Amino acid sequence: MIHMATPISPRYRDAAIILVVVVAVTGFNVWQHRGDTPVGYQLYSGSGFSFIYPRECSLREAVVFFRLPSYWLGDLQGESSGEAATVMGVVWEAERAGGVPATMDEIIDAASDYYQITDIGVDVDMTLGGKQVSVRGFNVLVNEVSVPGLMAGWVSPEGRVFVMYCLSLSRGDDWLTFQLSRMMASLKTEPPPQPR
Amino acid sequence: MRSMASGVQETVKTVTGASRLEFIDFARGIVMAIMAWDHVSGFWNQFHHGGEGILGRAPPFVDTTWFLLRFVSHYCAPIFIFLAGTVLAISVKRRLEKGESQRDVTLHLVKRGLVLLFFVAAIEAPAFTNPWTYFGVIACIGVCLIIFSLARRLPTKVILALSLVIILNHSFLDLSFIPTRPNWGWYLRVILHEPSFDRWPYVGLYPIIPWVAVMGLGWSLGNYLSGKSTEKINGLKRPFALAGVASITAFIVVRWLNGYGNLVARMGNTLVDWLYVSKYPPDLAFLLWTLGGMCLMLALGIHIQGREWFHGGLTGMITSFGRNPLFFYLVHLWLYRAQLPDFYPRAYAPPFYLGLPETLLFWAVGLVVLWRLCLWYEKLKRQYPKPILQYI
């Protein structure tokens, strides 16, 4: 018995070819780029942790002169300029008495040497970027302009306090929360290279 | 009012000819009117702004109302560019059928693209107080026309496949091999795939790479529609409606998964979180939502285009916008801006801000003025069918 194959309409054949090509190219790309940094962000990696930050903020190490960041202590800060000028940064140190609020207080005290810090809010515990953090709002007076800021602190499993902060001239709390949330979500830490 | 309606009906009968494609004018007219809202609000409202998704940035809106008043305008660019591709395919086919040579058609498209670039520098960019180098939606369409002057020779299935590949994969594109320090490198990146306002005057919002693919999808639809009978076109109502629903469902899935297809991640579960998608450049979620909406508009247009009242009243006004998209675009900018050009670009600010009700009133009155101007312009084109007017 001879089996007669049903002829496939050229229209369906073309559609099937297009579908296969598109799915194959897209599937390959999705797989190839599955761990990529999101568009508009850059990845920082060093001192036993990594996180993403807005790419317009050029991040640099050692805000405190002469101090090189290490696994247990350091800070990074980046800024962008223009109408929507933004400052973002991260400070980390070994957890000490007082925990996250103590580190936040220390940052505010250090910044107060240069700027007037106003409207410091109470710490609010919340989940941000999938991490349990304490969030504190504040304002910085720069040339008589009040710039709103937010900071969020988290204790890593290996016993480091990470405080991330973000200030923006014109973007408001939603944007600050959005960025902090994204930065916190991307924060990954590694075990210490040697026992403390 | 009655004489106005009959005037429109008369215009439609004599200008459009191929009345079966009025559903395209209808869909395009809707987005022209919405676009006018976006621009009048941008010119005169303190809380209206755009910039969603520029390189992952997400500027805040003061509340959900202002967000939605901006969000509704997301339909404009994708539908404008998609249907530009559709109409282009139909028009190219008609020209060739009329006996124009391939060379003449190519030259016509190149000239039309260059004319658009001139309009950007002379009319569009100053209206937005941008430098003449601003790469906006009209510049993007102009360059796409020049690309299609050659790409049109490819088989439709190849254009369709390439367009889908670009739309689904452009977010993986890495242009970092182009240096940003010389300004030409920066500008090239802005034009190709990285919308930005960071380095004046090399600014732009509508990069070619994703948008040429949207035009390619429209081109494929135009080729599919060409030569179809009125009955077959009417039979497309259900497929368009289903495609629209499927596309919007896919949007919900992409936003829910919150990974691939989202250049701006969903940061929570509020309405704003779900709808806050990247327009600059357009991510997959953005295109699924807007092109899904377009399919529903096309289905609605097919459903009502045969009705007696279609050519009068509000629908008549909308289709008159859709028949004259470029004329509408160029005129509405200055009508709603209502100010002289700035001699110091980037210093744009209205002399005072309007509230929401006043802006809505301004928008509505402006639409009536634009309607009459579109009818006048159609009449003018009929009187002078050959000169420069054919490019507008």
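Coordinate range of the alpha-carbon atoms in chain A per principal axis, descending: 92, 46, 32 Å.
Net charge dipole, chain B: roughly 1180 debye, given to the nearest 20, about the Cα centre with Cβ charges of +1 for Lys and Arg and -1 for Asp and Glu.
Let's test the formula: R0 of 22 Å, r as the Cβ-Cβ distance of B:LEU257 and A:THR127. What FRET efficiency results, to the nearest 0.05?
So the FRET efficiency works out to roughly 0.65.
For region A:27-34, the Karplus equation 6.51 cos²θ - 1.76 cosθ + 1.60, evaluated at θ = phi - 60°, returns couplings of x, 4, 5, 4, 5, 5, 10, 5 Hz by residue, with Gly and Pro reported as x. Near A:ARG55, the amide H atoms lying under 5 Å from its own belong to A:TYR41, A:GLN42; only residues 5 or more places off or on other chains count, and H is placed 1.01 Å from N. For A:LEU128, the amide hydrogen comes within under 5 Å of the amide hydrogens of A:VAL133, counting only partners 5 or more places away or on other chains and with H modelled in the peptide plane.
With each label point set 7 Å from Cα along the Cα-Cβ vector, what nm distance links A:ILE117 and B:SER229? For the pair A:ILE117/B:SER229, the computed spacing is 7.8 nm.
Report the relative contact order of chain B, percent, no decimals, based on alpha-carbon pairs under 8 angstrom and at least 6 residues apart. Relative contact order for chain B comes out at 30 percent. Legend: distances between Cα atoms for B:LYS232/B:LYS279; B:LYS93/B:LYS381; B:LYS111/B:LYS381; B:LYS111/B:LYS228; pairs beyond 24 Å are B:LYS232/B:LYS279; B:LYS111/B:LYS228. With both labels modelled 7 Å from their Cα along Cα-to-Cβ, the B:ALA151 to B:GLN339 distance reads 3.6 nm.
Model label points for B:ARG372 and B:ARG181, set 7 angstrom from Cα along the Cα-to-Cβ axis, are 5.9 nm apart. Peptide A:99-112 has a mean shielding of 0, counted as Cβ atoms of other protein chains within 10 Å of each residue's Cβ. When shorter helices are ignored and each DSSP H run of at least 4 residues is given -39500 (n - 2.57), the per-residue value for chain B at 222 nm works out to -20500 deg cm²/dmol.
Computed on the Cα trace of chain B, the radius of gyration divided by the Kirkwood hydrodynamic radius gives Rg/Rh = 0.94.
Taken as Cα centroids, region B:145-159 and region A:147-196 sit 48 Å apart, rounded to the nearest whole angstrom.
To the nearest 0.05, what FRET efficiency results for B:LEU107 and A:ILE17 with a Förster distance of 30 Å applied to their C-beta separation? For B:LEU107 and A:ILE17, the calculated efficiency is 0.35. Across region B:229-350, Cα-Cα pairs farther apart than 17 Å form 71% of the total. Relative contact order for region B:261-360: 12 percent, from Cα pairs under 8 Å spaced at least 6 residues apart, divided by residue count. With θ taken as phi - 60° and the Karplus curve 6.51 cos²θ - 1.76 cosθ + 1.60 applied, the whole-hertz 3J(HN,Hα) list for region B:320-333 is 5, 5, x, 7, 10, x, 5, 4, 4, 4, 5, 6, 5, 4 Hz, x standing for glycine and proline. Only aspartates and glutamates eight or more places from A:LYS188 in sequence, or on another chain, were considered; those with a Cα closer than 13 Å are A:GLU158. Sequence-ordered 3J(HN,Hα) estimates for region B:145-161 from the Karplus curve with 6.51, -1.76 and 1.60 and θ = phi - 60° stand at 4, 5, 4, 6, 4, 9, 4, 4, 6, 6, x, 4, 5, 5, 4, 4, 5 Hz, glycine and proline given as x. In this Cβ point-charge picture (+1 for Lys and Arg, -1 for Asp and Glu), region B:78-118 has a dipole of about 40 debye about its Cα centre. Cα centroid distance between region A:44-61 and region A:71-110, in Å? The two parts, judged by their Cα centres, are 13 Å apart.
For region A:75-111, the residues whose backbone nitrogen is under 20 Å from a point 7 Å from the Cα of A:SER58, taken along Cα to Cβ, are A:75-90.
When the protein assembly as shown is described by a simple charge dipole with +1 on each Lys and Arg Cβ and -1 on each Asp and Glu Cβ, the residue from B:VAL254, A:GLY46, B:ILE302 located farthest towards its positive end is B:ILE302. For B:LYS379, a cut-off of 23 angstrom between C-alpha atoms picks up these lysines, skipping any fewer than 8 places away in its own chain: B:LYS13.
About the centre of its Cα atoms, region A:50-196 shows a dipole size close to 500 debye [charges on the beta carbon of Lys, Arg (+1) and Asp, Glu (-1) only; nearest 20 debye]. From the largest down, region B:24-165 spans 55, 32, 30 angstrom on the principal axes of its Cα atoms.
Say R0 is 51 Å: what FRET efficiency, to the nearest 0.05, do B:VAL158 and B:ILE304 get from their beta-carbon distance?
Efficiency computed from Cβ-Cβ geometry: 0.90.
Each residue of region B:148-228 gets 110 Å³ once the volume of the Cα convex hull is shared out per residue.
The alpha-carbon atoms of the protein assembly as shown, seen along their principal axes, cover 83, 82, 43 angstrom, with the largest extent given first.
Values quoted throughout were computed directly from the atomic coordinates according to the rules given, and no laboratory measurement underlies them. Please read all numbers here as calculations on a predicted model, not as lab measurements. Cβ atoms come from the backbone with ideal geometry, glycine included; neighbour counts cover every protein chain shown.
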